[in-house]
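J.: I have a structure here, written as structure tokens, and I will follow up with some questions on it.
The values are calculated or read from the model by the stated rules, or taken from the named source; none is laboratory data. This is a predicted model, so every value here is computed, not measured. Because the Cβ atoms are built from the backbone with ideal geometry, glycine has one as well, and the counts that use them run over all protein chains shown. Please note that ligands, DNA and RNA were not included when accessible areas were found on the heavy atoms of the full protein model with its side chains. Shrake-Rupley method; radii C 1.70, N 1.55, O 1.52, S 1.80 Å.
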2 protein chains.
Amino acid sequence: MADILHRVGVEHSSPERVYAALTTVDGLSGWWTEQTSGVAEVGGVLEFRFAAGGFDMKVVELVAGRRVCWEVVDGPPEWVGTVVRWELRQEGDFTIVVFAHEGWREPVEFMYHCSTKWAVFLLSLKRFLETGVGAPDPRDVRISDWH
Amino acid sequence: MADILHRVGVEHSSPERVYAALTTVDGLSGWWTEQTSGVAEVGGVLEFRFAAGGFDMKVVELVAGRRVCWEVVDGPPEWVGTVVRWELRQEGDFTIVVFAHEGWREPVEFMYHCSTKWAVFLLSLKRFLETGVGAPDPRDVRISDWH
């Protein structure tokens, strides 16, 4: 098993604001993909669509202002069954976002791509909260031939 | 053991140009840190310095236009003994850079930070080669309270 790990700090925000950007369709549309729909409550399924396909995430855990956990229930075969975890806390002027996309069966090259692309979207989340303008798909930063 | 993995594609470049950016002091200064010095040949040690410390990397393998491998011989205790590998190949208009920072003893929170920060520097490498202007330290993108 292999994991993608990231950490960013959002300045002049709060765990509650970051949590809202991870747990509402409006928030998620502001930094990950404009084509976000579905049910953001525990047991609900969020549908994220991109130019090149998409993912369905079941919301498995929510702790207000502290933790969000999704399980991938549909999408590329390498993603199905993996888990995405978000942990939030405040440190001085920064809301710290500790991110893990866990449980990849093999470190295939697609995982290398997704690791870099998650970093790009975490920086989009940071910018969305700090400035009001993120870079969700289709306005996301292209990193390679795989988009 | 845990690994940081990334993949980017550099457009309108070549494996030889990317290789030069990874194996010369001038190249490395253009995208990672302006304070780069040392010996870039196999067996030599490259010294990378940042506002908040730095790393010494022993060059352990070089295959022109294809592969670069460093071992961390000095720096933060979590880094010492880890290995940084770069694999290059051409795919259509993109030079594909497959990156791994391998052998972390534990997935400590500093590893999460370094994973995101490596993505930022890989995008700096991409921009350096595509436009001539990278974002090396001290002009790098700040991602959190840990810089």
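J.: If you rotate chain B onto chain A, whose Cβ in B ends up lying nearest the axis, and how many Å away is it?
T.: Value returned for chain B: B:ALA119, 2.
J.: Using the Cα atoms of the protein assembly as shown, I'd like the radius of gyration and the largest Cα-Cα distance, Dmax, both in angstrom.
T.: For the protein assembly as shown, the Cα radius of gyration and maximum Cα-Cα distance read 18.8, 56 Å.
J.: Follow-up. Just the number: Rg to Rh for chain A, Cα atoms, Kirkwood Rh, two decimals.
T.: Dividing the radius of gyration by the Kirkwood radius yields 0.93.
J.: Here's a follow-up. Quick check: residue separation of A:GLU11 and A:HIS147 times 0.36 nm, minus the Cα distance between them. What number comes out in nm?
T.: Residue separation times 0.36 nm, minus the Cα-Cα distance, leaves 46.1 nm.
J.: If you plug each phi of segment A:67-76 into the Karplus form 6.51 cos²θ - 1.76 cosθ + 1.60 with θ = phi - 60°, what whole-Hz ³J(HN,Hα) values come out, in order, with x for Gly and Pro?
T.: In residue order, the calculated couplings are 8, 9, 9, 10, 10, 7, 10, 7, x, x Hz.
J.: Percent relative contact order of chain B, based on C-alpha pairs within less than 8 angstrom and at least six residues apart?
T.: 31 percent
J.: Express in % the proportion of alpha carbon pairs of segment A:95-147 at distances exceeding 16 Å.
T.: Summing the P(r) tail past 16 Å for segment A:95-147 gives 49 percent.
J.: To the nearest 10 square angstrom, what accessible area does A:ARG142 show with a 1.4 Å probe?
T.: 120 Å²
J.: Further question: Summarise the partner chain shielding of A:84-92 as one whole number: the mean count of Cβ atoms from other chains within 10 Å of each residue's Cβ.
T.: Averaged over the peptide's residues, the number is 1.
J.: If one takes the longest principal axis of the Cα atoms in chain B, at what angle in degrees, from 0 to 90 and to the nearest 10, does the Cα axis of helix B:109-131 lie?
T.: Helix B:109-131 sits at roughly 20 degrees to that axis.
J.: Compute, for segment A:2-97, the length of the dipole vector about the Cα centre, with Cβ point charges of +1 (Lys, Arg) and -1 (Asp, Glu) only. Units Debye, rounded to 20.
T.: My answer is approximately 140 debye.
J.: For the pairs A:LYS58/B:LYS117; B:LYS58/B:LYS117; A:LYS117/B:LYS117; A:LYS58/A:LYS117, note any where the Cα-Cα span goes beyond 24 Å.
T.: Violating the 24 Å Cα-Cα cut-off are A:LYS58/B:LYS117.
J.: For B:LYS117, B:LYS58, what's the largest-to-smallest order of accessible area, 1.4 Å probe?
T.: So, going from the largest accessible area down, we get B:LYS58, B:LYS117.
J.: Taking every residue in A:111-122, how many Cβ atoms of other protein chains lie within 10 Å of its Cβ, on average?
T.: 6
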